[in-house]
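Every read-out reported here was derived from the displayed coordinates using simple, explicitly stated rules and does not represent laboratory data. As the structure is a computational prediction, the values presented were derived from the model and not from experiment. Because the Cβ atoms are built from the backbone with ideal geometry, glycine has one as well, and the counts that use them run over all protein chains shown.
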Amino acid sequence: MRFSEVFNVPVTTEDDWFDTYLPADTKLFVDPFLIWEEKEGIWAGAHDHLIDFFEMVFDLVREAGGNEEGISWKQAQKLLMFPEPFEFCLGVAEGSPHGSGSGRGLQQEMLEGVKVATGLGINRVAHMEMLTLFQGGMGVDRLSDMVCNILKSYFIEYTQKVARRHGIPMTRTKVANAAWDKEFFRWKALDCELPINPYIDAPLVLTPERFLRQIPVASPDGFWTFAWSSESAELRGDLTFDIARNVSRRDKAKLARQNPDVVALYLRKLEEEKKEPYSISEDPNLVVKWYEAGSILAPGSPLSFVPHTPDEFEKFLHTVIDSFRHGIEEQDAWQLLWHNKTAREERAAQALFRSTVIHYCRANNIDLTGESNAGRGPVDFKFSQGWSSRALIEMKLVRNSKFWDGVLAQQPQYQVSEEVSRGFFVAIGYTDAHCHPDVEKKIKDAAELVSRTSGKKITGILIDARPKDSASRLTNPELAGELRDQDPPESDDDGGA
């Protein structure tokens, strides 16, 4: 359930908060560049507060003078450890809002970024993104973790105002990284009054919708493109564009460190550009309303049995996938995979599948894990009912450039890593070419081939997600013609004597 449902909150024109889904994270992230644009109200000083934090870290790194064993350096290290801000229910954690946070590898990279900046004579940055570019950029989830931790006091105050306006009960509870202390260079855990997320029995923090994005405004790729197009004479050297656009994260970071003035110009250019948050209402990538979509789709194909044995478990998964396929192909659910006549991304198809099957799994006491790490990378879905009844499902769009690698290499490796013998490879087709019978046969043949060579049983399934005409518009000229042939001849008799 969402925040508004759990607390029975009527949303008014004053409410600009994101109505987050409480049992699990939503794959959206807080972007510092969107906060930078705030010029009044509670958020007016938030970006300066963010930069002040890094100025504090700068001071410690300068004080350390290169001595990584000294107190100042170690204090800077402590400040750059950011636990998962589970209170926000944002990010990529599956199953619950508890994730991994920003670990020591990222901490060291950020310290290197600060060290480079101080070595260049930079005492204060205008945007924290400069440091992330110096160290090669980071995942948007890690960037968001940092922002949510550093500005948590602002988000707490914002949440308290929303709760008081709507009469939402709050509980005094301890919040990690609720504030930071510039005098003693440390994080502070504080007792705060906040609503409680009943799914994890932990404090809950809200964020305005306008701060949320899927990808950051400032990125290594964006910087590289800007540098290549705007500063090409000095930066290109002998590289061709084809080579330059495929440079590694390390090379992009090196360019940023060698050209801090170009980084500053890039960030200044972004200040002038219009920056849009993710559209919550349209939800083009189905990252917000995935659960509601499944709630609509699942009742259309109810399951009639509960699995008790491994064989029944396999039948259950067959039935679940077929129910999903039936909804897409026969019940107009294909529309959920299209937005403004454009086919949605692969993650949207996966989100819709998850939102559908999660209802079946909960009803049948089956554990579903999305994007579980199978040792050699994340598999899309892992289903289990005890150790003996387990299976993996991989879902890919036929248009994916690595589609055939998915069934021929990735799927069997995932099953080996997870010690799972049963797998399903589900393909989603959006065009006539994707859904051609030859493609469907090739998918099934590939799955059978891999099953024989790997010893893992894999089933290939193609789902036709092409747009379909409404049933009210369907015609069958052939049958209509046969019916006309059976009509009796019209009579010339006018019924007179």
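With K and R counted +1 and D and E -1, the other residues having a Cβ less than 14 Å from that of Thr309 yield a net charge of 0. Taken one residue at a time, the phi angles of the range 312-328 give Karplus couplings (6.51, -1.76, 1.60, θ = phi - 60°) of 5, 4, 5, 5, 4, 5, 4, 5, 4, 5, 5, 5, 5, 4, 4, x, 6 Hz. Gly and Pro are set to x. Computed from backbone phi with θ = phi - 60° and the Karplus coefficients 6.51, -1.76 and 1.60, the 3J(HN,Hα) list for the range 203-217 is x, 10, 10, 9, 9, x, 4, 6, 9, 9, 9, 8, 10, x, 4 Hz; x is used for glycine and proline.
This ranking places Lys115, Lys269 by how few other beta-carbon atoms lie within 10 Å of each, fewest first, which gives Lys269, Lys115. Cβ crowding within 10 Å ranks Lys39, Lys274 as Lys274, Lys39, fewest other Cβ atoms first. A cut-off of 5 Å between modelled amide H atoms, ignoring neighbours fewer than 5 places along the same chain, links Leu90 with Thr26.
Remark: for residue pairs Lys382/Lys457; Lys396/Lys444; Lys78/Lys275; Lys275/Lys396; Lys115/Lys252; Lys254/Lys274, the C-alpha separation exceeds 22 Å in Lys78/Lys275; Lys275/Lys396; Lys254/Lys274.
Taken one residue at a time, the phi angles of the range 396-407 give Karplus couplings (6.51, -1.76, 1.60, θ = phi - 60°) of 9, 6, 4, 6, 4, 5, 10, 4, 6, 4, x, 7 Hz. Gly and Pro are set to x.
For Leu286, no residue has an amide H sitting under 5 Å from its own, ignoring neighbours fewer than 5 places away on the same chain, with H placed 1.01 Å from N.
Kirkwood Rh over Cα pairs of the range 290-470 into Stokes-Einstein at 25 °C, 0.890 mPa s: D in µm²/s?
Result for D is 150 µm²/s.
When a footprinting reagent is the concern and you count Cβ atoms within 10 Å, what order do Asp19, Asp251 take, fewest first?
Going from sparsest to densest Cβ surroundings: Asp251, Asp19.
Residues whose amide H comes within less than 5 Å of that of Lys457, counting only those at least five positions distant or on another chain, are Gly423 (H built at 1.01 Å from N in the peptide plane).
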